[in-house]
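The values are calculated or read from the model by the stated rules, or taken from the named source; none is laboratory data. Predicted model only: the values in this text are computed from it and were never measured. In this analysis, Cβ positions are derived from the backbone assuming ideal geometry, glycine residues included, and neighbour counts consider all displayed protein chains. Surface areas here come from the heavy atoms of the whole protein model, side chains and all, with no ligands, DNA or RNA. Shrake-Rupley method; radii C 1.70, N 1.55, O 1.52, S 1.80 Å.
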Amino acid sequence: MQKTMENKAIICRELTKEFGDFKAVDRISFEVNQGEIFGFLGANGAGKTTAMRILCGLSYPSSGEATVAGFDVYKQQEQIKKNIGYMSQKFSLYDNLTTLENIEFYGGVYGLSRPEIKERSAQLVHTLGLEKEVKKLVGDLPLGWKQKLAFSVAIFHRPKIVFLDEPTGGVDPITRRQFWDMIYEAAASGITVFVTTHYMDEAEYCHRISVMVDGRVEAIDSPANLKARFHTDSMDEVFYQLARGAKRTAD
Amino acid sequence: MKLLFVFIRKEFYHVFRDRRTLLILFGLPIVQIILFGYALSSEVKNIGIAIQDNAHDIHTAQITEKIQSSSYFKLQPAVSNYADIEQQFKNGSIKCALVFPVNFGADLLRTGGAQIQLIADASDPNTATTLTNYLQSIINSYQQQLNPNAKISYEIIPETRQLYNEEQNGSLNFVPGVIALIFMIVSTALTSVAVVREKELGTMEILLVSPLKPVMVLIAKAIPYLVLSLINFVVILVLSVFLLKVEIKGSVALLFAESILFIITCLALGLLISNVTASQQTAMLISMMGMMLPTLILTGFMFPLENMPVLFQLISHVIPSRYYYIIIKNVMLKGLGFGYVWKETLVLAFMTVSLLAIALRKFKTRLA
């Protein structure tokens, strides 16, 4: 048992979150392997955000069990937070800080030492080709660069798992493609990627996806298997067939 | 500790790169001090006065001269009838007028009693009262001059002293109020906006997901504004002492300690506001309308609390700046020690602790 726990980045068993009578998350169970790119799909209001908040150590479940990077969501929120990275659709960089200052700030928040920050930021700036923009305010960077920078910052402290909440909102298709290249690189280096998205072409890039409907995980498999199961060759169709039974209205 | 430092440094970047914030932070105190110190002076100086002298004798001449030599009044060209006086009241060149009747001097000597008419523009009642008082005291002093040896069987001579402010320096009253006001603006408004801005940007989410403890986020947000408020405090004190000639009579250390307490009260208020609002505009509006107006009106620095309806007097008891205003006034202007302000300090401390507790609780419940 202990052995398998170590290989799994995330384990959820019967995880439930209730707000009064309302079951935002209704007994969901799934596992995410280390180094896997796991797509977390669902219509608005299906309970994705609530589930993700629990996994990020931001709120407590009502019942069920879950571990993230081997840490318990009830008792070890602090440990979870140290071992995950997070990026939201807002990209969440400080506009009136320069590129380097943003990197230094987030590095500092995660407790990296000064030499570590220095070394890694130099490396990061080089990889992203941002040498000329280091001293520029982030507010002046194009959206696509901001997004790449936000992702790099989210994995700057080398977390075990990175949570991406609709990370490609409002970004053009080419940049989105490049962004996914970065995700693959991160996954190849051993970081588990947990990503929510509304773009079905992106769902295809994931190793496995789960689809949430009305607080429940209705399907979980690789994109190819899901398409085979629903006798279709498009993920759109898979998603539509699963989600159309939803009773909840989007929030 | 290192985390806190990283965070605080970031906050300072924000402050120093935002012109709007900088302007509010350092422009406002200076403007306010100058405005309240000079423009909004309640002192009576160089007030236009017209004299209609129908008697033209030695007594009227001497009284006129006395008025002219006083710094309160500025004598306008003599007038000969009431229509002229009224005209001057209307165009604003005078705020009061003095009318000597025909035979003023003769009546005074022959019958031992003469009449004189004082007319004041009472559209501003306070000033009108002050002016007539000044005029009466000038006339009274002339009267005494006339009878140096007169034997009055019973005489009461009031010996008035204006305690704590012998020179009647009007800035004295404003400075403590302005200090309270500025802390309200800098600490409450700017802090609430700073926190809400992170919510709007989405960076708050990232901070909450990070290992930073929520308390740390709040502390890190508050400390820069505490420091900046203290710098402001020094600026205001320096301006007051050198520009407005306000003398600090009490202990400067006590002033600082009390100010730090009040700044923390304001910061707690700001954090509380930021927890219940979602946009920078709302936060600004609540801070400005909800905090500044009561500070302006209900602390007693612009309008005496004692004259207000009971309801407002009651409300004023929950306004933190009211207590701070009393403390600062007592320490700075009267030179009193902690023994005289401990009650107000206690109230303020209690308010601060409660506000902080509520702010923290709100911040945490939002996470659950």
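Observations, loosely collected:
- Flag if B:Val175 is surrounded by fewer than 23 Cβ atoms within 10 Å (Cβ to Cβ), hydrophobic (A, V, I, L, M, F, W, C) and over 21 Å from A:Ile54 (Cα atoms): no
- Residue check for B:Met204: of a type outside the set (Gly, Ala, Ser), open to solvent by less than 10 Å² (accessible area, probe 1.4 Å) and under 29 Å from A:Phe151 (Cβ atoms): yes
- Restricting B:Ser71, B:Ser41, B:Ser80 to those that are within 25 Å of the chain's Cα centre (by Cα), closer than 25 Å to B:Ile139 by Cβ and at pLDDT below 90 reduces the list to B:Ser71.
- Of the residues making up region A:101-120, those that are more than 8 Å from chain B (Cβ to nearest Cβ) and surrounded by fewer than 19 Cβ atoms within 10 Å (Cβ to Cβ) are A:Ser113, A:Arg114, A:Pro115, A:Glu116, A:Lys118, A:Glu119, A:Arg120.
- Those helices (runs of 4 or more DSSP H) lying entirely in region B:1-79 with at least 3 residues out of contact with any strand residue (DSSP E or B) (no Cβ under 9 Å at 6 or more places or on another chain) and more than 14 Å from every other protein chain (Cβ to nearest Cβ): B:28-34, B:58-69
- Residue in region B:89-106 that is closer than 22 Å to B:Gln52 by Cβ, in contact with an Asp or Glu (Cβ under 7 Å, 6 or more places away or on another chain) and free of Cβ contacts under 8 Å to residues at least 40 places away in the same chain present: yes
- Residue within region B:141-157 that is farther than 17 Å from B:Ile58 by Cα, open to solvent by 60 Å² or more (accessible area, probe 1.4 Å) and polar (S, T, N, Q) present: yes
- Here is the figure for region B:226-266: residues that are over 17 Å from the mean Cα position of the chain (by Cα) and open to solvent by 10 Å² or more (accessible area, probe 1.4 Å) total 17.
- Selection of strands (runs of 3 or more DSSP E) fully inside region A:11-93 by the criterion of at least 2 residues being more than 14 Å from every other protein chain (Cβ to nearest Cβ) and surrounded by fewer than 18 Cβ atoms within 10 Å (Cβ to Cβ) returns A:22-33, A:63-68.
A quick yes/no check of all residues on (1) touching a Leu at 6+ places or on another chain (Cβ under 7 Å); (2) of a type in the set (Phe, Trp, Tyr); (3) in the same structural domain as A:Ile11 (by TED's automatic domain parsing):
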{"position": "A:Thr67", "(1), (2), (3)": "no, no, yes"}
{"position": "A:Tyr86", "(1), (2), (3)": "no, yes, no"}
{"position": "A:Val109", "(1), (2), (3)": "yes, no, no"}
{"position": "A:Lys118", "(1), (2), (3)": "no, no, no"}
{"position": "A:Ser152", "(1), (2), (3)": "yes, no, no"}
{"position": "A:Val162", "(1), (2), (3)": "no, no, no"}
{"position": "A:Thr168", "(1), (2), (3)": "no, no, no"}
{"position": "A:Arg176", "(1), (2), (3)": "no, no, no"}
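- The residues listed here are B:Leu269, B:Leu360, B:Leu285, B:Leu356; of these, the one that is free of Cβ contacts under 8 Å to residues at least 24 places away in the same chain, surrounded by 13 or more Cβ atoms within 10 Å (Cβ to Cβ) and under 28 Å from B:Glu200 (Cα atoms) is B:Leu285.
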